[in-house]
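The next block holds one structure in the form of structure tokens; read it before the comments.
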Amino acid sequence: MFYAGLFTTVLIPALMLLFGWLLAAPGNTVGKPNHFFGYRTKASMRSQQTWEFANRYCGRLWMKWSIPILAVSLAVFFLLDASETAITVIPLGQLIPMFITIWLTEQAIKQEFDQNGSRRS
């Protein structure tokens, strides 16, 4: 039970770090807007520019936030003595920052691009 809980606690931050790196690292290409991989929202898929901007922006947020989320999650996991409550509550709590990154990315797209997906002057 302990190792399953530890795995569950580490999984979301680890995936955030990995996918953040895949989306934001210099030299990594996010390709063309698609429905299979990347930051996929109506706003991000308006143009190639919005697609690249949104993926890099969200990827950077995920990389930056993954380590603090992991640290807090592990602290809560051990403070709650690896209980079933910890195993349930921690992943749910980790989803909150993920939703915040979506909101922040959408706001950044609105500030940077117009409704047609062209950069604002």
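The values are calculated or read from the model by the stated rules, or taken from the named source; none is laboratory data. Given the structure is predicted, the values throughout are model-derived calculations rather than measurements. Neighbour counts run over all protein chains shown; Cβ positions are idealised from the backbone, glycine included. Heads up: the accessible areas ignore ligands, DNA and RNA and are worked out on the full protein's heavy atoms, side chains in. Shrake-Rupley method; radii C 1.70, N 1.55, O 1.52, S 1.80 Å.
Taken as a whole, the structure places Gly20 among residues that are out of contact with any Lys or Arg (no Cβ under 6 Å at 6 or more places or on another chain), closer than 22 Å to Pro91 by Cβ and open to solvent by less than 40 Å² (accessible area, probe 1.4 Å).
Screening Phe99, Phe77, Phe37, Phe19 for residues that are over 30 Å from Gly117 (Cα atoms) and not polar (S, T, N, Q) leaves exactly one candidate, Phe77. Conditions: (1) over 30 Å from Met1 (Cα atoms); (2) free of Cβ contacts under 8 Å to residues at least 12 places away in the same chain; (3) surrounded by 12 or more Cβ atoms within 10 Å (Cβ to Cβ). Tyr39 meets all but one. Number of the miss? With (1) over 30 Å from Met1 (Cα atoms); (2) free of Cβ contacts under 8 Å to residues at least 12 places away in the same chain; (3) surrounded by 12 or more Cβ atoms within 10 Å (Cβ to Cβ) applied to Tyr39, the lone miss is (2). State the number of residues belonging to the stretch 1-33 that are in a loop (DSSP other than H, G, I, E, B) and either in contact with a helix residue (DSSP H, G or I) (Cβ under 9 Å, 6 or more places away or on another chain) or among the small types (Gly, Ala, Ser) (or both). The number of residues fulfilling the criteria is 9.
Identify all residues within the stretch 64-121 that are loosely packed, with under 15 Cβ neighbours inside 10 Å and part of a loop (DSSP other than H, G, I, E, B); write none if there are none. Within the stretch 64-121, Asp81, Ser83, Asp114, Gln115, Asn116, Ser118, Arg120, Ser121 qualify. A search for C-beta distances below 6 Å between a residue of the stretch 105-121 that is aliphatic (A, V, I, L, M) and any residue that is assigned to a loop (DSSP other than H, G, I, E, B), counting only pairs 6+ apart in sequence or on different chains, returns Ile109/Ala43.
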